[in-house]
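Since the structure comes first, as structure tokens, the remarks are kept for the end.
Every number here is computed from the coordinates shown, using simple stated rules; none is lab data. Note that the structure is predicted; figures quoted are calculated from it, not measured. Backbone-built Cβ (ideal geometry, glycine too); neighbour counts: all protein chains shown.
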Amino acid sequence: MTIVFKVSDNIKKKMIEFYKPFYKEKTPPYAVFQAQNTDVVITLYESGKVMFQGISADIESSIWIDQEKRLNNRVIDINDKKKDKKETKKTFYNISTIGSDEVGTGDYFGPIVVCATYVSKENIPFLTDLGVRDSKKLTDDKIKEIAPEIIKKIPYSLYILDNKTYNANHDNLNMNKMKAILHNKVLTTLLKKDNYAYEKIVIDQFEYPKKFYEHISDAKEKIRSVTFLTKAEDQVMSVACASIISRYAFLKEFKKLENELHTILPLGAGNEVDKKGCEIAKTYGLEKLEEIAKISFKNTEKIKTMLKD
Ligand code: MN
């Protein structure tokens, strides 16, 4: 998988800092650096163009797409050039669907939240009028305004994976396996609630279908006949609703953590996060991070190093 987009100057600086420990010896022509982070090769060019190559290119790049959104309010659509986009839009937008999405997998602090919803054809105009779209394209205030309205109207199933549980399970599960298990969980739970007249079950694709089914092979109940779509939040109303409800629940949990720690926590996984993590570890001890953060992220090592200095 290869993902290419242009980053802003402030993000460029952050990337240079972030990938320094992973720099490769040789730098390609016109590149600022080339780095290898587990299975992804990252090349940043002087022009600001950045290229992610490898199996987890989507996950690695999502960190920076997120940063662009959060710091610059810039939305990067990596599927911009897809010719069949309009075609898919028509196919999925106006039918009854069940869909799922997750939030928090790129944030060091806070839980992972997964949600599945059922949106019948009849509810689509109501949701469109409400302004439902991909949660990444909505402000937090808008999400807080419309999520309660969505929840009143449509059936959903929500699961919050708190940090303690995440940290206890992460050693045996990689992030994609964890996501697959969680999507499977909310989808099967929702399907048991009623006999919904859906035409398709859609997951916002984060893994190859074959891999997805491998990941859930140990689950008691398994979802079948899933349509995997990239950028599904834009094309499928149930996925858009799932992304909004997940985000809404995530924001609430995040606020709880902030209140408990009497501080403002940064989102994402950048330098600000390291600084804050360091501060928290100094006040409450390093163990505190187990309760509030995703320990498997590289931030933990950086925090430990910072504490030594
Ligand atoms: Mn998603």
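Got a sec? How would Met15, Met175 order by Cβ neighbour count within 10 Å, fewest to most? Each step should come with its number before you reach the end.
Values: Met15 22, Met175 19.
With the fewest neighbours first, Met15, Met175 line up as Met175, Met15.
Roughly how tilted is helix 175-193, in degrees to the nearest 10 and between 0 and 90, from the longest Cα axis of the chain? Taking the Cα atoms of the chain, the angle to 175-193 is about 20 degrees. Each residue of segment 296-303 was assigned a 3J(HN,Hα) from its phi angle through the Karplus curve 6.51 cos²θ - 1.76 cosθ + 1.60 (θ = phi - 60°); the sequence is 5, 5, 4, 4, 4, 4, 5, 5 Hz, with glycine and proline shown as x. Please list, in order along segment 138-145, the HN-Hα scalar couplings obtained from phi with the Karplus expression 6.51 cos²θ - 1.76 cosθ + 1.60 (θ = phi - 60°), rounded to whole Hz, x for Gly and Pro. With the stated coefficients, segment 138-145 comes to 10, 6, 4, 4, 5, 4, 5, 6 Hz. Seen from all directions on average, the chain presents a Cα convex hull projection of 16.7 nm². Using a cutoff of 8 angstrom between alpha carbon atoms and counting only pairs six or more residues apart, the relative contact order for segment 2-72 works out to 34 percent.
On a 32 Å Cα-Cα criterion, which of the cross-link pairs Lys49/Lys298; Lys179/Lys304; Lys121/Lys255 come out too long?
On the way: Lys49/Lys298 24 Å; Lys179/Lys304 27 Å; Lys121/Lys255 34 Å.
Listed pairs above 32 Å: Lys121/Lys255.
How about Lys6: which aspartates and glutamates have a C-alpha closer than 18 Å to its C-alpha, ignoring those fewer than 8 places off in the same chain? Cα-Cα hits under 18 Å: Glu17, Glu46, Asp58, Glu60, Asp66, Glu68, Asp77, Asp80.
Each residue of segment 236-242 is assigned a 3J(HN,Hα), and the resulting list reads 10, 4, 5, 6, 4, 5, 4 Hz, derived from the Karplus form 6.51 cos²θ - 1.76 cosθ + 1.60 (θ = phi - 60°), x at Gly and Pro. Rounded to 0.05, the FRET efficiency of the Thr27 and Glu145 pair, given R0 = 45 Å and the Cβ-Cβ distance, is 0.45.
Between the alpha-carbon centers of segment 240-302 and segment 1-67, tell me the distance in whole angstrom. Centre-to-centre (Cα) distance: 24 Å.
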